[in-house]
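Participant: Dropping a structure here in structure tokens format, bear with me for questions.
Read the figures in this text as sums done on the coordinates, not as results from a lab. Just so it is clear, the structure is predicted and the values come from calculations on it, not from any experiment. Positions of Cβ are backbone-derived with ideal geometry, glycine not excepted, and every protein chain shown enters the neighbour counts.
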Amino acid sequence: MLSENDSRVLKAISDGQTDPQSIADSLSMKIEAVRASADALGEQGLVEVAKSVEETVSLTEEGRKYAQEGLPERKLLQSIGEGLSMSDLKDPGAKIALGWLKKKGWASIEKGVLKPSGPAERGPDEELLEILLKGSASAADLNRDALAQLRGRSLITSNAAKSWRYQVTSEGRAASSQIAGTAAETISSPSSAMIKWGEWDGAQVRFEGKLYQVRSYDVTLPADRIYPGKRHPYQRLIDHMRQIMLEMGFTEIKGQIVQSSFWNFDALFQPQDHPAREMQDTFYLESQAEIPEYSRVKEMHECGGDVGSTGWGGIWSPEVARQEVLRTHTTSVTIKYLADHPEPPVKAFGIDRVYRREAIDATHTPEFEQLEGIIMDKDVTFRHLLGVLREFYAKMGFEEVRFRPGYFPYTEPSVEPEVFIDGLGWVELGGAGVFRKEVTAPFGIEHPVLAWGLGVSRVAMLKLGLKDLRDLYQSDIQWLRETPVSLRM
Amino acid sequence: MPVVRLYYQDMEEMVGASRDTIMSRLAMMGADIGKRAEEDHVDVEFFPDRPDLYSPEGVARALRGFLDIKPGLPQYTVEQGPIVLQVDESVKAVRPLIGCAVVRGLEFSSESIESLMGLQEDLHWGLGRNRRKVAIGVHDISRVTPPFRYFGADPGCSFVPLDFSEEMTMAEMLKKHPKGKDYGHILQGCDRYPLIVDSQDRVLSFPPIINGELTRVEEDSSDLFIDVTGTDPAVFKALNIVVTSLAERGGRIESVLVKRSEGDLATPNLEPARWTIAAKEANDLIGFDLDAEGLAQCLERMRFGARPAGGDRVEVLVPAFRADIMHSWDIFEDAAKGYGYENLQEELPKTVTVGKSHPSEVKKAEIRELMAGLGYLETMPFTLTNETAHFHNMRRKPEASTRVLHPISELHTILRTSLLSSLLEIFSLNQHHPLPQRIFSVGDVVQKGRTHMNLAAASIHSAAGFSLIRSLADVVLQEMGWQEEIKIVPSEDGAFLPGRGADILENGQKKGCFGELHPLVLRSFGLEQPAVALEIQWGQL
């Protein structure tokens, strides 16, 4: 099947046109397109392509002057009349003319006098000059001796130019007449009317008495890249984790970013001089918060309340507890929720941003997401916590989990789950435990609270293959565009 | 967390088990084993609640129980010694508590000196709150002559501090000695400094700063005097941990009589604390099913003294070096470790509850679906920002914002009160990628200390104009179910080109804004193409 351009060029050649420029002019095409089509037709044997290199000759500036005024020897001959004394030849240019006069035998010198001799007929060089004065000409059509002579006198210059000549072959003529016979016009897309009323046969449609062909494309070529709008890959991971928690029957809870030290530390039985509370680890604010009735918390810190604990000793200060901080863990939200909901059963979770005073580098950011889940009920035990953890990690895609003892200030017993990851081995992922009595008793929570948490951004690094935590928050747009929606996490 | 270097050969000798046994069981006792084990040693992290494990000797002691080689309460003999330390009233206001001991018959190597120094430093961190509550001094007793005296000295007193060759005054040490610079703040505002001297006024120690050079412990030292000073009874725990650790190396512990106005005290006191626990309570917490006998066995493995005391009761003797037993649950946790976490049968609880999303997350999910459908990419920028980026670059007047007291850098000084500037920062980081770029963020902002929830969207490309963002605002408001009560009015917001910015009012209250960003705003973020943006506050916690 010939393209539209190829068909038109073939028709022009079979109509007797031979020169690409004239074909281009008649078809309103670019000459390059005509040549490309003719080459393609030539490869298919429909057209004979004759390429030739032609020498064209044209006048130099000096040559143009002589062509208009006559050659110097002709002018000299006319100026000497019957004879001229050599001593009167003053023009220095006359020397060149004199040489050519003698060479052509148009004059001779006798006793110091220059005299014409013979008829001095017009030579082929003068004829050539006259031809070239009308325009450049092909060297092949011109007198070779005259060309050599004028080239020797630097009166002409020549250029090599490529030219093409096309002639239709018999196959080409047949093909051309066939095209003329079907006379389908190529279109790039059908009009609405063609869709509604045209008579379709494959890619051809007969519409209002004419035949059209919908152009076929090279479907193997790629087109421009487009990008969808979508959720952040990290958000998709967070949503996946939320989904797991909801499936497991947990209620989602939320809390303030700005928290009192009371809910962030004291309610969790963190002693007021604990290193984690120091300025270098926690973002403190200037502001003070309202805190709830605190006598039982104070008693618990100072002497262990009524649960048989020793407490931390020392004096617990409500002023220290009022200092506001950016929450350092989601547990501040959890304990407040438990204080508000002390009756069993409670299953709650949250995934939210927490703040630590860490200098930014590839594996530390001052804010990151934490997941936390708690179960409070009658008769739940540490053994149940391990069961929940295994289930949770399995749903996260971590099939191999093991548990080893850990330490967290507000849980007892505590456990550090480790998951097995190909290529990395056992990786510690999160922490868990049962809230201490010293934590739960002041809020009237009488049953065990199983709790666990993990850094979501660490999971994201593992699942998204990131090397730098910052990429989650200061994202590269191309990475967002190209991370597939259906990436398995 | 403290890191303790364990040499395999040393551990094998002290524990009486092979390297492989030790390494395979250590983590299950409660330790973080570093990934890289060296040829002859491994560095292991121990938890802050177990300062008794901050030395190889302490770890070996625990492992002997855990591996059933020598379970039960470790026995130490304290000989009553002749040495007396007098506590002067002048020191009470500065650093009132002191406990001392003598340990004799030690043989040191460079490694065991290293581990003793390591133990001291880790105890300063773990129990001592960086020496404020507890500071430890260890001395070669052969260089000095008892009795000793602990008193509040004039800061002008001078002696040769450790690692120096010339005398200097205590006041000078706080300024010139590296330890003085590190810990001098503990003595800020005191007109007397704590000092321990011998009968001839030669200085042993200037707690909590530095020892004297005179009593430096060297490899040929065999008899040590240990002082532990501070402000908290943890002083006596630290002393117990140091002396029992030295006793594990063959040292003989000898008491020192501390003479005080409130009553004399012979230290160290290695009497175990006595607890009585019920097996039922342990079973209820851990979920195993042990009788008193079984529970006692698990505890002996963790080096408690434990014996059934009738019914389900167990009498527990807590070693004097344990600093973490505050409550019966602390003992139950150790019972679980003794039982072995790996032996606990995991089980899902029977608690029946129905899962429920938080309403704000439901709304966020709807907004994400909407914005993605409109062709916008989600971003999740930091919530910490700074006034320059957040207000000045946005040509907005600084408003009240939550400011952190000790920021980590000038870039993170306040919590954002809106989202828009964060989106422009993301554009500025992505200028090398093809336009148009369309991004959004749905997240928390903090205003007057309360968490609010916003949506912001922005689009940057040569054709980003007002009608585009007006269309977006209209469709977003409509899709969020808001259109009824909303009014759009011209905005005074400096972030937008005058005449091309609008405010969104809900019942006369400003809820958002949108428009063409002012070229000066774009320029301050280094952007070179037109951009339009929208921000809406849709909720609060």
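Participant: Seen from all sides and averaged, what is the projected area of the convex hull of the Cα atoms in the stretch B:3-66, in nm²?
Facilitator: So the mean shadow area of the Cα hull is 3.7 nm².
Participant: Identify, among B:I196, B:L119, B:G230, the residue whose Cα sits farthest towards the positive end of the charge dipole of the stretch B:78-267, taking +1 on the Cβ of Lys and Arg and -1 on the Cβ of Asp and Glu, with the dipole about the Cα centre.
Facilitator: B:G230
Participant: So how strong a dipole does the protein assembly as shown carry about its Cα centre when Lys and Arg Cβ are +1 and Asp and Glu Cβ are -1, to the nearest 20 debye?
Facilitator: Here the size comes out at about 3440 debye.
Participant: Hey, which aspartates and glutamates would be in cross-link range of A:K90, C-alpha to C-alpha under 16 Å, not counting anything within fewer than 8 residues on its own chain?
Facilitator: Straight-line reach from A:K90, under 16 Å: A:E73.
Participant: Could you give the dipole magnitude of the stretch A:250-367 about its Cα centre, charging the beta-carbon of Lys and Arg +1 and that of Asp and Glu -1, in debye to the nearest 20?
Facilitator: In total the dipole reaches around 240 debye.
Participant: With a cut-off of 8 Å between alpha carbons and a minimum separation of six or more residues, what is the relative contact order of the stretch A:391-451 in percent?
Facilitator: Over the stretch A:391-451, the number comes to 25 percent.
Participant: Another one. Per residue of A:144-155, what is the mean number of Cβ atoms on other protein chains within 10 angstrom of that residue's Cβ?
Facilitator: That average works out to 0.
Participant: Got a sec? How would A:D468, B:D223, A:D141 order by Cβ neighbour count within 10 Å, fewest to most?
Facilitator: A:D141, A:D468, B:D223
Participant: How do B:364-374, B:344-354, B:440-450 rank on mean C-beta neighbours within 10 Å, highest first?
Facilitator: Ranked from most to least packed, the peptides come out as B:440-450, B:364-374, B:344-354.
Participant: Still on this structure: Out of every Cα pair in the stretch B:359-540, what percent are spaced more than 23 Å from each other?
Facilitator: Of all Cα-Cα pairs in the stretch B:359-540, 37 percent lie more than 23 Å apart.
Participant: Based on a Kirkwood Rh over C-alpha pairs, give the Stokes-Einstein translational diffusion coefficient of the stretch B:482-529 at 4 °C and viscosity 1.567 mPa s in µm²/s.
Facilitator: Roughly 113 µm²/s, to the nearest whole number.
Participant: Separate question: Restricting to bridges with both residues inside the stretch A:234-482, how much of the DSSP beta-bridge set is antiparallel, in percent to the nearest 5?
Facilitator: In the stretch A:234-482, approximately 95 percent of DSSP beta bridges are antiparallel ones.
Participant: Which percent, to the nearest 5, of DSSP beta bridges fully inside the protein assembly as shown are antiparallel?
Facilitator: 90 percent
Participant: With a cut-off of 8 Å between alpha carbons and a minimum separation of six or more residues, what is the relative contact order of chain B in percent?
Facilitator: 12 percent
Participant: Can you compute the equivalent ellipsoid semi-axes for the protein assembly as shown, i.e. the square root of 5 times each eigenvalue of the Cα gyration tensor, sorted largest first and rounded to whole Å?
Facilitator: Semi-axes (√(5λ), whole Å): 93, 42, 30.
Participant: Mind checking which lysines have their Cα closer than 19 Å to the Cα of B:K181? Skip sequence neighbours fewer than 8 apart in that chain.
Facilitator: B:K133
Participant: If you don't mind, another one. Roughly how many debye, to the nearest 20, is the charge dipole of the stretch A:166-300 about its Cα centre, given +1 on each Lys and Arg Cβ, -1 on each Asp and Glu Cβ, and no other charges?
Facilitator: Computed about the Cα centre, the dipole is about 760 debye.
Participant: Would you list which lysines come within 30 Å of B:K70, measuring only between C-alpha atoms, while excluding same-chain residues fewer than 8 positions from it?
Facilitator: B:K35, B:K237, B:K280, B:K337
Participant: Going by C-beta contacts inside 10 Å, put B:C100, B:C157 in order with the fewest on the left.
Facilitator: B:C157, B:C100
Participant: Would you list the P(r) distribution for the stretch B:273-341, with all Cα-Cα distances sorted into 10 Å bins from 0 and each bin expressed as a whole %?
Facilitator: 24, 63, 13
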